[in-house]
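Enquirer: The structure follows.
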Amino acid sequence: MSRILNPNRGRKHVPWLFVGFGGLVLLSQFAVQLASDGMDQLYTVQNLSVYAFSSLLAGIVIVVGLLLRRAATSPARYPRVALWCLGTAAILLAINVPLILVTPGLNTSQAVGWAHGVFTTGAAGGAVIGFIEARAIEQAQAAERARVRAAATEAERERLDYLNSLLRHEVLNNAQVIVGRAELIRDGHDEDIETHLRAIQSQSEDMTRVIDDVRTLIKAFRDDSSLDEIDLSALLKAELADLRATYDSVEVTGDIHEGVFVLGDEMMRRIFSNLLSNAVEHNDSGVPHIEITVEQTPETVAVRVADNGPGISTAERATLFERNENGNHQVGLFLVSVLVERYNGTIELTETGPDGSVFTVEFPSIDTTIESDIQATVETAQIVAYSSL
């Protein structure tokens with residue numbers, strides 16, 4: 001199992017193979033000259049120049065092997081460097097063999113020496129090219145990782161700035177109102193105590209809601225929990241029951257059949273609690289009416305939340321699901337969009353007008369998600385298998 005999980009484990013010895021290959025190249029040059037000229041001519045000036053050139057080429061291969069180990073090159077690059085080394089040598093040899101065969105006057109020793117020199121030159125050149133390419137890939141990947149880390153850091157900074165702004169404007173403003181009203185009651189400057197108490201209660205509830213939204217946003221941003229099967233049918237019915245208990249005048253209808261499951265976690269309920277409460281709180285009709293329907297296909301599960309409110313203006317639609325940076329924060333729909341994205345879903349305003357609005361939340365079906373995971377696993381296995389060749 002460990003070999004499958006760590007395909008680079010067996011490649012750590014490749015640099016030493018380069019060193020051994022370089023030494024073998026040098027020794028084989030001596031063998032070629034010995035077979036060609038005999039012991040008496042082994043150290044002639046011509047042969048010494050051949051040894052020097054072969055030593056240079058062999059040294060290049062050896063140095064590449066040592067650099068692979070010392071230059072922090074990923075073992076995943078080793079096979080490609082080796083392929084460059086042997087592949088270039090084989091190509092040059094294949095080009096020169098026909099020339100060797102058709103050149104008149106060559107004896108066997110000279111032909112072998114020619115082939116040996118070509119092969120050695122190709123091996124050294126290919127090793128250098130492979131090493132340069134490997135380092136270029138490593139540097140490009142390091143730069144990409146740095147870019148991704150920088151982007152993630154910037155995104156995290158923006159999120160923290162937003163949460164800080166949210167707490168500063170909403171919570172601090174609410175707290176100031178509460179303190180001011182409490183001081184009026186304490187000082188007895190105003191006899192309308194009930195008005196102040198209602199304001200304190202309202203601001204306290206708003207502050208509690210904002211703090212709860214911030215906690216949910218932080219948890220969603222961290223994305224540190226695994227997803228599991230969620231009974232969406234039961235979740236929606238529970239949220240509708242809470243809506244009826246919270247708002248006495250609301251009318252709720254729904255078409256929610258049993259047995260609809262999606263991948264999610266405990267925070268998924270906030271998507272629909274926010275959508276449903278918004279549909280009531282921003283509804284100026286005499287009797288707010290909410291209709292929720294669920295449509296399931298082999299690929300997706302779509303939940304439609306419709307109301308009979310006044311609709312959403314054109315100016316609001318463009319930034320409906322975005323963060324509000326003007327100090328008058330409305331976290332609800334931004335939180336909804338963050339959570340929907342967490343579950344690989346989508347949300348859109350599909351209809352709006354004087355007769356009401358319709359929001360559609362769509363999640364991938366569990367079968368589709370499983371198939372995607374299987375496909376991703378297969379593709380990863382194919383990549384690992386290919387890279388290990």
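Computed from the coordinates by the stated procedures, all read-outs in this text should not be read as laboratory data. These numbers were taken from a predicted model, which means no experiment stands behind them. We place every Cβ from the backbone using ideal geometry, glycine too, and count neighbours over all the protein chains shown.
Enquirer: Subtract the Cα-Cα distance of Thr350 and His13 from 0.36 nm times their separation in residues, and report this length gain in nm to one decimal.
Expert: Difference between extended and current length: 115.3 nm.
Enquirer: Among 261-268, 314-321, 356-363, what's the highest-first ranking by average C-beta atoms within 10 angstrom per residue?
Expert: Highest mean packing first, the order is 356-363, 261-268, 314-321.
Enquirer: Also, I was wondering about something else. Just rank Arg135, Arg147, fewest to most, by other beta-carbon atoms within 10 angstrom.
Expert: The fewest-first ordering by Cβ neighbours comes to Arg147, Arg135.
Enquirer: Which whole-Hz ³J(HN,Hα) couplings does the stretch 134-150 yield from phi under the Karplus relation 6.51 cos²θ - 1.76 cosθ + 1.60, θ = phi - 60°, glycine and proline marked x?
Expert: Once θ is set to phi - 60°, the couplings for the stretch 134-150 become 4, 5, 5, 5, 4, 5, 5, 5, 5, 5, 5, 4, 5, 5, 5, 4, 5 Hz.
Enquirer: Run the numbers for Thr300 and Asp228: contour at 0.36 nm per residue of separation, minus the present Cα-Cα distance, in nm.
Expert: Full extension from Thr300 to Asp228 adds 24.3 nm.
Enquirer: Can you give the relative contact order of the stretch 228-374 as a percent, counting alpha carbon pairs under 8 Å and 6+ residues apart?
Expert: In percent, rounded to a whole number, it is 24.
Enquirer: Further question on the same structure: Run the numbers for Thr108 and Arg317: contour at 0.36 nm per residue of separation, minus the present Cα-Cα distance, in nm.
Expert: 66.8 nm
Enquirer: For labels at Thr195 and Arg244 in the simple 7 Å Cα→Cβ model, what's the distance in nm?
Expert: So the label points at Thr195 and Arg244 sit 3.8 nm apart.
Enquirer: Something else about it: Tally Lys/Arg at +1 and Asp/Glu at -1 over every other residue whose Cβ is under 11 Å from the Cβ of Ile230; what's the total?
Expert: Here the count lands on -4.
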